[in-house]
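These notes are about the structure you will find just below.
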């Protein structure tokens with residue numbers, strides 16, 4: 001167990017007497033708060049904050065961060081309040097501890113929603129003070145080290161969360177050492193089978209590899225000395241998780257992992273980095289396609305080094321990295337190595353630091369994006385940037401994620417250029433907007449004031465920035481259309497009532513509306529837009545609620561009302577939809593949802609609510625506006641209904657197959673309304689069936705029955 005004296009010993013040369021006094025005070029306060037508490041490992045609870053503080057001191061962070069590290073669990077696990085912390089340690093330390101606590105307190109909802117909420121809280125806390133994430137990362141490392149004392153399901157959940165949330169954030173901040181530790185500690189719990197598989201690959205090769213790498217290291221030391229290049233040389237075997245990750249994502253075998261052995265050369269200047277590289281290439285053949293100059297073109301997290309892979313006399317491959325000491329510090333500790341607080345506030349530094357542009361962009365995107373699924377998708381693009389480097393015609397370097405298109409480039413330059421992009425010239429050739437870019441491309445965007453975005457642009461755009469601006473443009477267009485439509489519907493509706501003119505004045509109407517509907521109304525156009533979008537339904541109940549039934553004049557029953565009354569008598573699918581009381585609810589024709597399968601409501605302008613199956617292509621491909629989605633579910637009180645479904649059946653072209661299908665479906669109470677059979681030269685057949693069923697379980701029973709027919713090889717719902 002780490003002792004507080006160990007932390008003081010490490011901190012004594014870095015901090016003033018005043019700083020040390022603050023740390024001692026924080027230690028005593030934490031010891032009293034956690035007195036009597038025991039961790040599942042059997043150790044005193046205080047061992048955890050001490051471990052966290054030690055990691056923070058090794059990162060050479062300031063005394064405020066260390067003090068907050070010692071205190072980071074007192075709000076979560078003791079009776080200490082935020083006011084107590086502020087009184088004893090001041091606002092800065094108290095705010096840091098509160099920031100860490102907010103990240104920890106995420107309710108157990110669906111895994112997707114919980115993950116999105118965790119990342120949201122992390123990002124918002126980081127924008128206030130980046131030191132929050134340094135504490136949280138150190139906290140996570142120590143918790144992983146004691147994971148074996150938790151139940152197996154909890155082990156896997158925490159380890160998986162680490163790989164999906166904390167590893168990408170550490171990577172984006174350039175904190176290589178922290179990222180590596182988090183990955184290695186999580187790997188065994190997330191994929192134990194793959195972990196031991198990697199062990200079986202690595203262990204037999206390790207002794208031979210260490211002998212080879214030791215020999216190359218000695219040769220390199222001699223060469224650097226002969227050429228008067230000051231250099232420290234370190235050798236290593238690639239980490240298990242890193243090997244696994246490379247094999248998985250590149251779909252390669254273990255013997256294709258060329259950087260299984262690696263050497264790192266740390267020199268005293270950029271000039272000597274290139275000089276050392278020249279010496280390496282003079283003495284060993286190398287793979288040209290594996291050479292990367294990340295000094296002249298750093299990664300988005302500002303990682304810099306020269307990477308090359310050589311082939312030894314024994315036909316072994318070794319990756320060599322060359323960097324300066326400053327680059328090495330940046331690679332190991334990332335932004336935490338240069339995070340200073342003496343002159344400016346953490347918030348102002350966060351706004352100015354170029355390395356945190358991605359973080360500021362994510363904050364802006366989150367303000368507009370409320371869907372957890374969409375938010376997580378955006379985060380994966382921003383947090384795990386496999387990047388390409390392209391150029392403007394003037395030679396400016398633009399960094400984009402791998403998979404980005406010409407359209408993404410246009411929006412990266414400026415939103416107006418993206419919105420009015422017509423086509424592009426890539427490497428002197430006219431190119432469509434959907435073209436995927438690669439490193440080295442030179443791109444010029446051709447625009448037209450008459451050009452406007454199309455819905456299919458969402459399939460061409462890869463980056464969240466481009467997708468956000470496209471969706472925002474369509475949202476604005478929808479608001480204009482909805483407002484115009486809503487105004488017409490409102491004017492038509494009020495003609496049915498004899499209302500005193502003062503009631504219809506904008507200021508009076510807005511006041512009454514603000515009391516009756518749960519939406520913010522900055523102006524009357526916002527009310528019209530709600531009508532046009534279907535969020536406010538102008539039925540009799542709404543009008544009576546708004547203007548009070550006893551003050552409404554008699555009105556004639558219009559032809560429209562007669563039709564509505566007639567339609568209202570028809571049986572409707574019993575569906576519970578939030579935010580849509582009394583709205584007209586229709587089942588989408590594109591996906592024909594069936595009772596029992598997951599569904600989602602979609603507000604259709606002027607037409608009430610359309611219910612889609614969550615499997616619907618319009619939903620999955622995000623073609624529909626996500627801001628119009630509302631939660632929907634089948635009512636628990638709903639009876640079995642009558643639903644149409646289409647099936648595609650692939651089978652042998654044998655006599656009697658269609659008869660067997662018909663019999664199987666009839667035996668389960670299904671009804672075939674249409675059948676189309678196509679046969680092929682290879683003795684195969686394809687049968688398209690339209691059937692009437694009761695609910696999703698009924699459909700699943702029919703599919704299972706069909707698959708039981710020996711001639712059938714495949715069944716799919718279409």
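Some notes on this structure:
- Sorting 249, 472, 48 by the number of Cβ atoms found within 10 Å of their own Cβ, with the fewest placed first, yields 249, 472, 48.
- Computed from the C-beta positions of residue 586 and residue 494, the FRET efficiency with R₀ = 30 Å rounds to 0.70.
- C-alpha center-to-center spacing [the stretch 430-480, the stretch 1-33] in angstrom: 54 Å
- Difference of contour (0.36 nm per residue) and Cα-Cα distance, residue 434 to residue 652: 74.4 nm
- Mean-position separation - Cα centroids, the stretch 685-703 and the stretch 133-199, in angstrom: 44 Å
- Pairs of C-alpha atoms in the stretch 4-190 farther apart than 28 Å represent 21 percent of all such pairs.
- Gain on full stretching of the segment that runs from residue 128 to residue 38 - 0.36 nm per residue minus C-alpha separation: 29.2 nm
- Each of residue 227 and residue 442 was given a label point 7 Å from its Cα along the Cα-to-Cβ line. The distance between the two points is 3.2 nm.
- Cα-based radius of gyration of the stretch 643-717 once divided by 2.2 N^0.38 Å, which approximates compact folds: 1.01
- Residue order, fewest to most beta carbons within 10 Å, for 703, 715: 703, 715
- Remark: spin-label model distance residue 682-residue 544 equals 6.5 nm, labels positioned 7 Å along the Cα→Cβ axis.
- Förster-model FRET efficiency, 35 Å R0, residue 711 and residue 193, C-beta, rounded to 0.05: 0.40
- Residue 397 versus residue 255: modelled label distance in nm, points set 7 Å from Cα along the beta carbon direction: 3.8 nm
- Estimated FRET transfer efficiency (residue 82, residue 313; beta-carbon r; R0 56 Å; 0.05): 0.30
- Of 448, 242, the sequence from fewest to most neighbouring Cβ atoms within 10 angstrom is 448, 242.
Laboratory data are not the source of any read-out in this text; all were calculated from the coordinates shown. Because the structure is a prediction, the values reported are computed rather than measured. Cβ: placed from backbone, ideal geometry, glycine included. Neighbour counts: every protein chain shown.
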